[in-house]
Amino acid sequence: MMDVLVIEDEEPAVERLIELIGQYDSKIRILAVLSSISASIKWFSENRQPDLIFLDVHLADGLCFEIFNEVKIQSPIIFCTAYNQYALDAFRFHSIDYLLKPLQYEKLEKSLKKMNTMLGRPAPQLPEIDFNKLVKVIQIQKQPYKTRFMVKIGTKIKPVKIEQIAYFFSSNKLTLLVDKEGRNFPVDYSLDDLMTLLDPELFFHVNRKLIIHIDAVHEIHPYFKGRLKLMLHPALADGSDIVISSQKTPNFKIWLGQ
């Protein structure tokens with residue numbers, strides 16, 4: 001039985017990854033799901049090394065490479081990232097592979113098969129990596145975030161600037177851009193795709209149906225079991241409750257208070 005640790009701060013990505021892992025082999029055991037550098041460092045101090053780590057590059061409190069400054073990782077790693085610019089040679093650092101988001105079963109299957117061929121072999125020696133240099137390379141290569149979206153109004157096309165957007169909402173396999181006046185426009189992106197294009201300082205992926213702009217948060221109320229209930233302006237057209245899960249609540253507070 002393989003024991004796997006998942007370090008990922010986006011709940012939809014976690015759900016997708018766990019679903020794909022189960023599809024590949026239902027006997028694989030998920031030891032824990034961690035969403036931050038600090039939680040990861042604490043976990044490693046209290047637990048044995050897993051057989052495999054799935055590691056997101058961007059975590060709630062910084063780039064994942066900061067973990068290596070505090071913890072000697074001996075497990076093989078599969079990096080997960082939304083940006084192909086991060087597919088650097090340095091990613092080969094004690095890793096099997098890297099996967100680009102949104103995750104695809106075929107790619108994950110290939111990576112896990114690669115992992116299986118390594119079982120029983122000695123772990124490779126970790127090379128010395130200058131993480132500060134690596135972070136600088138990543139920041140230089142990172143693509144600029146979108147500043148506007150082109151939307152259709154009847155037969156016309158108009159730009160909607162990022163500062164005019166309240167949120168993106170997914171319904172019935174359709175993604176809608178909702179502006180601050182409550183008007184909605186279909187866009188040709190999934191929510192996962194949008195999170196690779198939007199500035200994470202301005203937008204938060206609430207759940208599998210919603211990405212919000214920081215200025216759209218009107219009120220926040222404590223909810224059951226450590227969750228938060230949000231009131232947005234403008235409100236969702238379908239009137240549904242917007243609840244931040246207990247897992248995402250710490251990350252949401254960090255994002256909102258930045």
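The values are calculated or read from the model by the stated rules, or taken from the named source; none is laboratory data. If you're wondering where the values come from, they're calculated on a predicted model, not measured in any experiment. All Cβ positions, even for glycine, are placed from backbone atoms using ideal geometry, and neighbour counts span all protein chains on display.
What the table below lists for this structure:
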| item | result |
| --- | --- |
| Test: residue in region 51-58 that is over 21 Å from Ile254 (Cβ atoms) and either free of Cβ contacts under 8 Å to residues at least 40 places away in the same chain or not aliphatic (A, V, I, L, M) (or both) | yes |
| Residue within region 245-254 that is exposed (fewer than 14 other Cβ atoms within 10 Å of the Cβ), at pLDDT below 95 and among the hydroxyl-bearing types (Ser, Thr, Tyr) present | yes |
| Scope region 60-76; condition closer than 25 Å to Arg29 by Cα and either at pLDDT below 85 or assigned to a loop (DSSP other than H, G, I, E, B) (or both); matching residues | Ala60, Cys64, Phe65, Phe68, Val71, Lys72, Ile73, Gln74, Ser75, Pro76 |
| Positions within region 221-242 being touching a helix residue (DSSP H, G or I) at 6+ places or on another chain (Cβ under 9 Å), in contact (Cβ under 8 Å) with a residue 24 or more places away in the chain and surrounded by fewer than 18 Cβ atoms within 10 Å (Cβ to Cβ), in sequence order | His233, Pro234 |
| Members of region 60-76 that are touching a strand residue (DSSP E or B) at 6+ places or on another chain (Cβ under 6 Å) and farther than 18 Å from Glu10 by Cβ | Ser75, Pro76 |
| Tally of residues being assigned to a helix (DSSP H, G or I) and either small (Gly, Ala, Ser) or surrounded by 17 or more Cβ atoms within 10 Å (Cβ to Cβ) (or both) across region 13-31 | 8 |
| Failed criterion for Leu197 (all others in (1) modelled with pLDDT of 90 or more; (2) not in a strand (DSSP E or B) hold) | (1) |
| Region 180-191 residues that are touching a residue at least 12 places away in the same chain (Cβ under 8 Å) and under 16 Å from Lys156 (Cβ atoms), paired with ones that are of a type in the set (Lys, Arg) and assigned to a strand (DSSP E or B) (beta carbon under 9 Å, 6 or more apart) | Phe185/Lys152; Phe185/Lys158; Pro186/Lys152 |
| Condition check for Leu202: of a type outside the set (Phe, Trp, Tyr), out of contact with any Pro (no Cβ under 6 Å at 6 or more places or on another chain), assigned by TED's automatic domain parsing to the domain that holds Thr155 and crowded, with 18+ Cβ neighbours inside 10 Å | no |
| Search result, residues across region 18-43 that are over 17 Å from the mean Cα position of the chain (by Cα) and within 25 Å of Trp255 (Cα to Cα) | Ile41, Lys42, Trp43 |
| Residues located in region 190-241, provided they are among the basic types (Lys, Arg), under 26 Å from Arg148 (Cα atoms) and in contact with a Phe, Trp or Tyr (Cβ under 9 Å, 6 or more places away or on another chain) | Lys209 |
